[in-house]
Amino acid sequence: QVQLVESGGGLVQPGGSLRLSCAASGIMFRIYAMGWYRQAPGKQRELVARITSGGSTNYADSVKGRFTISRDNDKNTVYLQMNSLKPEDTDVYYCNQIPPIREYWGQGTQVTVSS
């Protein structure tokens with residue numbers, strides 16, 4: 001059974017930082033491209049960062065230069081380092097494969113950026 005478990009969210013002031021983690025089980029993690037997605041209530045889920053099996057990365061323009069995605073294949077974990085956070089980064093953050101598998105969506109982790 002595949003599980004993707006996100007953690008690391010929280011409340012942070014504008015300009016602050018958070019590091020999200022996504023622990024994967026039940027998949028051959030190292031062979032898949034992985035992504036971090038986010039979704040606000042009433043809005044479509046969007047891809048903010050992706051990393052290939054070889055470690056190449058891409059970012060949405062809205063987070064480029066502020067967010068960094070990385071992966072540890074030995075730990076079956078993908079990370080999202082978020083710096084210089086803005087109120088508009090407030091969302092629930094999810095990880096999934098690229099492209100996403102509907103059955104793999106987890107609970108996500110809430111990130112709230114507010115003073």
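List of remarks:
- Residues located in segment 7-32, provided they are open to solvent by less than 20 Å² (accessible area, probe 1.4 Å) and under 14 Å from Y104 (Cα atoms): C22, A24, F29
- Only one of the numbered conditions (1) at negative phi; (2) open to solvent by 70 Å² or more (accessible area, probe 1.4 Å) is not met by W36, and that is (2).
- Check on R45, farther than 18 Å from S7 by Cβ, of a type outside the set (S, T, N, Q) and open to solvent by 60 Å² or more (accessible area, probe 1.4 Å): yes
- Filtered residues of segment 49-62 (kept if more than 19 Å from S7 (Cα to Cα) and either open to solvent by less than 60 Å² (accessible area, probe 1.4 Å) or part of a loop (DSSP other than H, G, I, E, B) (or both)): T52, S53, G54, G55, S56, T57, Y59, A60, D61, S62
- Criterion applied to L80, L85 was being touching a strand residue (DSSP E or B) at 6+ places or on another chain (Cβ under 9 Å), in a loop (DSSP other than H, G, I, E, B) and crowded, with 16+ Cβ neighbours inside 10 Å, and the one residue passing it is L85.
- L4 touching a helix residue (DSSP H, G or I) at 6+ places or on another chain (Cβ under 6 Å) and either closer than 27 Å to S114 by Cα or part of a strand (DSSP E or B) (or both): yes
- The condition of being over 18 Å from C22 (Cβ atoms), more than 15 Å from the chain's Cα centre (by Cα) and at pLDDT 95 or above holds for only one of K86, K64, that being K86.
- Residue in segment 88-99 that is in a strand (DSSP E or B), open to solvent by 60 Å² or more (accessible area, probe 1.4 Å) and either aliphatic (A, V, I, L, M) or touching a residue at least 60 places away in the same chain (Cβ under 8 Å) (or both) present: no
- Within segment 14-41, the residues that satisfy the criterion of being assigned to a loop (DSSP other than H, G, I, E, B) and modelled with pLDDT under 90 are G26, I27, M28, A40, P41.
The values are calculated or read from the model by the stated rules, or taken from the named source; none is laboratory data. Because the structure is predicted, anything quoted here is derived from the model rather than measured. Using ideal geometry, Cβ is built from the backbone for each residue, glycine included, and neighbour counts are taken over all protein chains shown. The protein model used for the area step is the full one, side chains on, heavy atoms only, and it has no ligands, DNA or RNA in it. Shrake-Rupley method; radii C 1.70, N 1.55, O 1.52, S 1.80 Å.
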